[in-house]
1. For the subset of the stretch 105-122 comprising residues that are touching a residue at least 24 places away in the same chain (Cβ under 8 Å) and in a helix (DSSP H, G or I), which member is surrounded by the most Cβ atoms within 10 Å (Cβ to Cβ)?
2. Yes or no: Asn138 under 20 Å from the mean Cα position of the chain (by Cα), surrounded by fewer than 17 Cβ atoms within 10 Å (Cβ to Cβ) and not in a helix (DSSP H, G or I)?
3. How about the stretch 149-228: which helices (runs of 4 or more DSSP H) wholly inside it have at least 3 residues that are in contact with a helix residue (DSSP H, G or I) (Cβ under 9 Å, 6 or more places away or on another chain) and closer than 19 Å to Gln10 by Cβ?
4. Checking the conditions here, which among Gln236, Gln224 is on the phi < 0 side of the Ramachandran plot, surrounded by 14 or more Cβ atoms within 10 Å (Cβ to Cβ) and among the polar types (S, T, N, Q)?
5. Is it the case that the stretch 76-94 has a residue that's crowded, with 17+ Cβ neighbours inside 10 Å, at pLDDT below 95, over 21 Å from Ser129 (Cα atoms) and of a type outside the set (Val, Ile, Thr)?
6. Restricting the search to the stretch 155-207, which residues are of a type outside the set (A, V, I, L, M), under 23 Å from Ser136 (Cα atoms) and under 13 Å from the mean Cα position of the chain (by Cα)?
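The values are calculated or read from the model by the stated rules, or taken from the named source; none is laboratory data. As the structure is a computational prediction, the values presented were derived from the model and not from experiment. All Cβ positions, even for glycine, are placed from backbone atoms using ideal geometry, and neighbour counts span all protein chains on display.
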Amino acid sequence: MQINNISSIQNQLAEILRMIPLEVWQLIAKKNQEWLQLEPLRNKFLHGSFSVFMLTVGLNAYQLKGRAEQNYWPQLYEFMKDYDSVPCVGILYEYLAEFYKKERLNAAKIERLARFLRSSLAEKLWIQSPQEIASSINRIWHSLGNVMKQKLHEKTICFAMKCLGVSLMMANDYSFDFQDVPIPVDSRIVKFTNSLGFNFGEKSRTIQCFWRDVLLSLQPTLPQINMIHLDSLIWQIAHFDTDELVSYFEGLGIADVGRSLILCFG
């Protein structure tokens with residue numbers, strides 16, 4: 001597809017997404033399964049420690065036993081719910097190491113768990129407030145890549161950062177700057193992006209740049225919207241057929257958005 005056609009679709013998408021009111025965007029973010037399933041665990045943590053928990057489980061949200069909404073987030077909640085509290089990083093490691101023993105690629109996931117939770121980054125974040133964490137998102141992102149020895153745009157790093165941002169939003173802090181963090185490209189993001197008529201395949205960087213430009217076009221009108229909102233929406237609707245898409249937006253009170261999006265599909 002030619003660049004001018006890509007730009008045209010991006011502009012069209014931005015125009016449609018501007019039709020979604022801010023309060024509906026916030027509701028869409030709250031429909032994330034990681035939000036729905038794990039928010040009840042917040043009272044087991046102090047200060048920024050819940051953000052460390054969310055970031056940690058985001059780092060290991062790959063190669064799951066099935067769909068995350070069925071085979072990961074609910075199991076994490078069930079596993080953690082009976083613990084009275086999580087007083088320190090070391091205890092969180094002990095708890096989650098037991099959980100990941102039963103997961104796919106358990107050795108690799110426990111190694112990742114140790115790499116992050118035994119880092120100075122995790123120790124520092126543990127005692128910070130959500131507000132302190134929110135003010136340092138870009139620094140945390142770069143530090144996380146260094147700790148995990150991964151590129152900043154890789155899916156697990158981007159998704160872990162999304163989980164970190166979700167934890168801040170749970171604390172009603174929307175002040176953080178998420179401008180530079182790319183969308184985490186998983187199979188749903190790939191499917192939805194290519195359904196727009198592109199032949200991007202699974203080229204993560206191309207897809208990330210595509211949605212970055214859509215978001216940049218959207219933000220002059222809705223500056224509060226960040227990549228977490230956009231990823232949440234795409235992930236929720238990626239597998240819908242046209243009827244399901246319209247029904248989803250009807251449920252949000254904005255049926256015209258669904259009908260307009262259908263016109264974008266290639």
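1. By that ranking, first place goes to Leu117.
2. It is false that Asn138 is under 20 Å from the mean Cα position of the chain (by Cα), surrounded by fewer than 17 Cβ atoms within 10 Å (Cβ to Cβ) and not in a helix (DSSP H, G or I).
3. Hits in the stretch 149-228: 187-195, 204-218.
4. Gln236
5. no
6. Listed by number, the residues that qualify are Lys155, Thr156, Cys158, Phe159, Lys162, Cys163, Gly165, Ser167, Phe178, Pro182, Pro184.
Per-residue answers, yes or no, for (1) β-branched (Val, Ile, Thr); (2) in contact with a strand residue (DSSP E or B) (Cβ under 6 Å, 6 or more places away or on another chain); (3) modelled with pLDDT under 95:
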position	(1), (2), (3)
Ala160	no, no, no
Val166	yes, no, no
Asp177	no, no, yes
Gln208	no, no, no
Val214	yes, no, no
Gln224	no, no, yes
His229	no, no, no
Ile234	yes, no, no
Leu245	no, no, no
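Quick grid of which residues meet (1) surrounded by 18 or more Cβ atoms within 10 Å (Cβ to Cβ); (2) in contact (Cβ under 8 Å) with a residue 24 or more places away in the chain; (3) more than 13 Å from Lys162 (Cβ to Cβ):
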| site | (1), (2), (3) |
| --- | --- |
| Phe178 | yes, yes, no |
| Pro184 | yes, yes, no |
| Ile189 | yes, yes, no |
| Gln208 | yes, yes, no |
| Asp213 | no, yes, yes |
| Leu218 | yes, yes, yes |
| Glu244 | no, no, yes |
| Glu250 | no, no, yes |
